[in-house]
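The values are calculated or read from the model by the stated rules, or taken from the named source; none is laboratory data. Owing to the predicted nature of the structure, the values given are computational and were not obtained by experimental measurement. Cβ coordinates were reconstructed from backbone atoms using ideal geometry, including for glycine residues, and neighbour counts include every protein chain displayed.
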Amino acid sequence: MTDLQDEMKRVKASVDDLILTKLLPKKSKVREVDLLYAMMRDYPSRQAKGMRPFLCVTACRAAGGKEEDALLTAACIELFQNWILIHDDIEDGSQLRRGEPSLHVKYDEGLALNTGDALHAKMWEALLGNSDTLGLEKSFAVMREFSHMVNQTTEGQHMELGWVVGKRWDLDEKDYYEMCTRKTSWYTVASPCRLGAIIAGAGSKVLGELKEFGINLGVAFQIQDDALNLVGDTKKFGKAKSDDILEGKRTLILLHLLGVAGQSDRDRVVSIMNKGREAKSEADVSFVLSLIDKYDAVGFARKRATELMKESMVSLRGIRWKGDAEAAEMLSSFARFAVEREW
C-alpha cells in the first residue's frame, strides 16, 4: 500500500509542475506586470499539503478514470486555493501563510488583492483547456461544479466575516456547521472528489455520496484546523498561533466555551473577542486560552471532529467504485488524516 503522504506529495509535484511551467506566466518586459507575475507564482511556490488536487486525482482513479485526465482540473483547484488564501489573509489580517509572511505583508495590500484577482481569472482560463481532452459535455460539468464551489466558499466566508463585523454571539453549533459546510467542505473535500468523479464519468449516485462524504469530512477538517491554530506547532502548521482569537473567529471551540463558562467569564471572553485585532493584548489572548484549557474546549471539538469523520466514512463505504481499489482506500486513509494531522 502506497503511503498517503508520499502519494499526496507525488500528485502535488505533478500539479506544481503544470502550474509553474505551463499555466502561470513567468516574465514580462513591463516592470509592474513582471512583479504581478512574480506575485502570482509566490503562494503556488510555497510548501503546501496539496490535499485538494490529491482528492481530485484519487477520486478520478477510484471511479475508473485516468489520472492524466484529471491533472488540469486538479491544478485549477490549487489555483483556486491560492487566490482565495490571498484574499482571506487580507480580510483576516493574517501575518503568516505557509510559514512565510502573507503576500500583502510581503508586498502591499492593493497589489496582493489584484494578484488574487489575476489568479482567479487564470483559473477560469485554464479550465477552458479541458475541452481539448474531456470534450464539451464533461468540461461544462466541471465548470458548473467549480461555479458551485466558488459560490459556496464565498458565502461561507461572508458568513464568518459578517459574524465578526456584526459582533454576533447568538450562535450555536448548527450555525458553525452551516458556515463550515459552505466555507470549507465544498472546496476542501466535496468538490475536489466530485470533480474527479465527473471526469471519470461517474453517475449521480456516486456524486451524491461524495457530497455527503465531503460535507462531513470538510467540517471535521475545519475543526481540526481550528484546534491546530490554538495548540499546534506554528512551524508545522505554517500560521501564527492563536490567530483565530486575534481575528475574533467563532470556532466550535469558542462557542463550546461560551456555552459552559460562567457568566462573568463569558462576558469577559465576548468583550475580548469583540476588540479589533490590534486592540487585543497578550493578556487578553492568554485569558481566553486559559479558559479553553480549563474547560477542555479543544478536546470537545476534536471529539466532534472524529464523530464527523466516522459519519463521512459511512458515505464513502457505500460507494461502489469501478476503478482503482488502492485509490479508493487512499480516500479512507485521507479521512483519518484529516482529523489526526498536526499540520
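So the values come out like this:
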{"item": "Subset of region 1-43 (residues that are at pLDDT 95 or above, over 29 Å from LEU111 (Cβ atoms) and among the polar types (S, T, N, Q))", "result": "SER14"}
{"item": "Near pairs, Cβ below 9 angstrom, 6+ apart or cross-chain, from region 261-277 (touching a residue at least 24 places away in the same chain (Cβ under 8 Å)) to any residue that is loosely packed, with under 13 Cβ neighbours inside 10 Å and in a helix (DSSP H, G or I)", "result": "ALA261/LYS294; ASP265/LYS294"}
{"item": "Condition check for GLN5: under 29 Å from GLU329 (Cβ atoms), within 19 Å of the chain's Cα centre (by Cα) and part of a loop (DSSP other than H, G, I, E, B)", "result": "no"}
{"item": "Residue in region 142-165 that is surrounded by fewer than 17 Cβ atoms within 10 Å (Cβ to Cβ), part of a loop (DSSP other than H, G, I, E, B) and not hydroxyl-bearing (Ser, Thr, Tyr) present", "result": "no"}
{"item": "Region 38-74, residues that are buried (at least 17 other Cβ atoms within 10 Å of the Cβ) and among the hydroxyl-bearing types (Ser, Thr, Tyr)", "result": "TYR43, THR58, THR73"}
{"item": "Which numbered condition ARG31 fails, given (1) more than 22 Å from the chain's Cα centre (by Cα); (2) within 22 Å of MET143 (Cβ to Cβ)", "result": "(2)"}
{"item": "Yes/no for LEU308 being at pLDDT 95 or above, more than 24 Å from LEU210 (Cα to Cα), of a type outside the set (Lys, Arg) and part of a helix (DSSP H, G or I)", "result": "no"}
{"item": "Those residues of region 53-90 which are polar (S, T, N, Q) and in contact (Cβ under 8 Å) with a residue 40 or more places away in the chain, in sequence order", "result": "THR58, THR73, GLN81"}
{"item": "Any chance ASP225 is surrounded by fewer than 20 Cβ atoms within 10 Å (Cβ to Cβ), more than 21 Å from SER315 (Cα to Cα) and charged (D, E, K, R)", "result": "no"}
{"item": "All positions within region 271-287 that are within 20 Å of VAL165 (Cα to Cα) and surrounded by 14 or more Cβ atoms within 10 Å (Cβ to Cβ)", "result": "ILE272, MET273, ARG277, LYS280, ASP284, VAL285"}
{"item": "Residue that is farthest from ILE245 (Cα to Cα) [pool: residues in region 91-121 that are free of Cβ contacts under 8 Å to residues at least 24 places away in the same chain and in a helix (DSSP H, G or I)]", "result": "ALA121"}
{"item": "Count - residues of region 26-70 that are among the hydrophobic types (A, V, I, L, M, F, W, C), assigned to a helix (DSSP H, G or I) and in contact with a Gly (Cβ under 8 Å, 6 or more places away or on another chain)", "result": "7"}
{"item": "Residues (small (Gly, Ala, Ser), more than 18 Å from GLY50 (Cβ to Cβ) and in contact (Cβ under 8 Å) with a residue 24 or more places away in the chain) located in region 186-217", "result": "ALA197, ALA200, GLY201, ALA202"}
{"item": "Hey, GLY203 surrounded by fewer than 23 Cβ atoms within 10 Å (Cβ to Cβ) and of a type in the set (Gly, Ala, Ser) or not", "result": "yes"}
{"item": "Residue within region 228-247 that is of a type outside the set (A, V, I, L, M, F, W, C), part of a loop (DSSP other than H, G, I, E, B), out of contact with any helix residue (DSSP H, G or I) (no Cβ under 7 Å at 6 or more places or on another chain) and under 17 Å from ASP92 (Cα atoms) present", "result": "yes"}
{"item": "Residue selected from region 287-336 under the condition aromatic (Phe, Trp, Tyr) and in contact with a helix residue (DSSP H, G or I) (Cβ under 6 Å, 6 or more places away or on another chain), by the criterion nearest to TYR176 (Cα to Cα)", "result": "PHE300"}
{"item": "Within region 98-141, considering residues that are farther than 21 Å from LEU24 by Cα and of a type in the set (A, V, I, L, M), the one surrounded by the fewest Cβ atoms within 10 Å (Cβ to Cβ)", "result": "LEU136"}
{"item": "Residue check for ALA141: over 19 Å from GLY201 (Cα atoms) and modelled with pLDDT of 95 or more", "result": "no"}
{"item": "Considering residues of region 258-294 that are of a type in the set (Gly, Ala, Ser) and over 19 Å from LEU246 (Cβ atoms) only, the residue nearest to the chain's Cα centre (by Cα)", "result": "GLY259"}
{"item": "Candidates SER315, SER290 - the one that is of a type in the set (S, T, N, Q), over 29 Å from ARG46 (Cα atoms), without any contact (Cβ under 8 Å) to a residue 60 or more places away in the chain and part of a helix (DSSP H, G or I)", "result": "SER290"}
